[in-house]
Structures are given as C-alpha cells and as structure tokens.
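What follows is calculated from the coordinates using simple rules that are stated; it is not laboratory data. All figures in this text were calculated on a predicted structure; none of them were measured in a lab. Neighbour counts run over all protein chains shown; Cβ positions are idealised from the backbone, glycine included.
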Amino acid sequence: MLLEMTGASVFYGNIRAIENISLTVPEGGIVTIIGGNGAGKSTTLRAISGLSPLKTGEIRFRGERIDTLPPEKVVARGIAHVPEGRRIFAELTVEENLRTGAFLRKDYQAVEDDLGKVFDRFPRLKERRWQMAKTMSGGEQQMLAIGRALMTDPKLLLMDEPSMGLAPVIVEEIARIIEDINAQGVPVVLVEQNAELALELADYAYVLDTGSLSLEGNARELHNDDHVRAAYLGI
C-alpha cells in the first residue's frame, strides 16, 4: 500500500477537525474524499502533507512513518500538494512559480526535462512563461498550481478542490488533466466539493461527515448509493 492513515485525529485548539480517520491509497488509481463544508476534507490532506500535526494516529508512506516529519521532508519523500485556492506566488512569473516546485531537487537536468514536460502538458503556461502569475485567469492559475506540484516529481499528488470557482468548460479540462496525470503513473488523492465530478474520476471514495468517516467504497457504487445521491449529489 502506498499510503496508510490510521486512527488520525487533528484538533485546532479545542475544535475537532477530524477524528479517528483511517484510509489507504494504493499504488496507482484515484482516491477521492467527499463531504460537506467543514467535514474535514482539507484537514485530511493537510495532515498527510505535514501541515496539520496529528493529535492521535499515524501516517505511513511506502512503509515509512511521515506524520512526525516537517512539510518539506514530506515533499522530499514524494508527496505533492495542490492546495485549495491555488496559492500561487502572484508576484512571480509563471516559470518562476514552476521552478519553486523543484526547490528541493538537486538533479538539474531532470528539473529542466520536467519543466519541458509541464510546458508540453500545459501549452498556455509555455505561452505565458514570463507573465506575472497574478495576471492569469483562474483556470490558468489552477494549471500553474498543478504544474508546480508536478515539478516536485511526485509519487503521490494531493489535490484540494481543483474545480473551485472555475467555469464548467475549464472544470472539464481540469478533469482531463487529472485523468492524464494518473494515467502517467501518478496516484491522486482528490478532495472535491463537486461530488459528481469526484466520483466520476475516482476508483475509490471516502465520505467524511463532520470530521468522521461515514462511508467508503468503490466510487461507482457510492455514486449509486441512495444516501450519497441525496446528501451530496442533490438527487
């Protein structure tokens, strides 16, 4: 198993964000985490990437415990995080943003090769490589955030609300990008408010409800589950 989270709890002060969460991510495929606002989806990703320390439980990546590591060490192990709201460096150019993703890497030629691959995957970023990031559209900024994560040479990609605030046609493009990244061998953990999209893309799904797991299973089967359809798909 690529990633194992066992009995994980995160508290912000006295406020419980997640409690006793256990989930696994296999080599390959897409795992999604869905749930309502405040369910703990983003906190779960932040826990995996070392940004939100665990109060209880543990997280293992390729058999190694990582929940005791600082975020930069988690990135160095091969876990990349595309955060909610993109959080690009607005005052840097597109290329400068991308190169920040490779900050911890020492393999210069491989970094240059990966930069070329990102530009091949996102031609609009190549066209705008010297443009200030803050001047780009929301969809372009999302592509930049994904490209920056790919520059870490990830073994696991965490994506937090990649469709948020984007036009439907751009959402479809982002969905194709996620599928393509996964097809190239990078497993993905996808957090999405758009449960319909998430369950269409994913192989396996976890449903969070106020910080606790309420359901899990094959994504297609959960898409047809009456509770999930009523609570999260509006059907």
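Partners of LYS117 within straight-line reach, counting aspartates and glutamates whose Cα lies under 12 Å from its Cα and excluding those fewer than 8 residues away in the same chain: ASP153. As a proxy for reagent exposure, ranking MET164, MET143, MET1 by other Cβ atoms within 10 Å from fewest up yields MET1, MET164, MET143.
Using the Cα coordinates of the stretch 89-153, the gyration tensor eigenvalues translate into equivalent-ellipsoid semi-axes of 19, 12, 9 Å, sorted from longest to shortest. A Stokes-Einstein calculation at 4 °C with viscosity 1.567 mPa s, built on the Kirkwood radius of the chain over Cα pairs, returns a diffusion coefficient of 72 µm²/s. Of the residues ALA183, ALA198, ALA47, the one that moves most in a GNM of the chain with alpha-carbon contacts below 10 Å is ALA183. Estimated from the Cβ-Cβ distance and a Förster radius of 30 angstrom, the FRET efficiency linking GLU4 and ALA167 is about 0.20. Applying 1/(1 + (r/R0)^6) with R0 = 35 Å to the Cβ-Cβ distance of ILE15 and HIS227, what FRET efficiency is obtained, to the nearest 0.05? According to the calculation, E is roughly 0.85. Taken along the Cα-to-beta-carbon direction at a fixed 7 Å, the label points for THR56 and MET132 span 4.9 nm. Arranged from fewest to most other beta-carbon atoms within 10 Å of their beta carbon, ILE88, ILE15, ILE21 become ILE15, ILE88, ILE21.
Applying a threshold of 23 Å to the alpha-carbon distances of LYS106/LYS134; LYS73/LYS106; LYS41/LYS155 flags LYS106/LYS134 as lying beyond it. Given an 8 Å cut-off on Cα distances and at least 6 residues of separation, report the relative contact order of the chain as a percent. Over the chain, the number comes to 27 percent.
With a Förster radius of 25 Å applied to the beta-carbon distance between LYS73 and LYS117, the computed FRET efficiency rounds to 0.50.
For the pair ARG65 and GLU200 in one chain, pulling the backbone fully straight at 0.36 nm per residue adds 45.5 nm over the alpha carbon distance. Taken about its Cα centre, the stretch 89-153 carries a charge dipole of about 140 debye when Lys and Arg each add +1 at the Cβ and Asp and Glu each add -1 at the Cβ. Here the residues LYS134, LYS55, ranked from fewest to most Cβ neighbours within 10 Å of their Cβ, fall in the order LYS134, LYS55.
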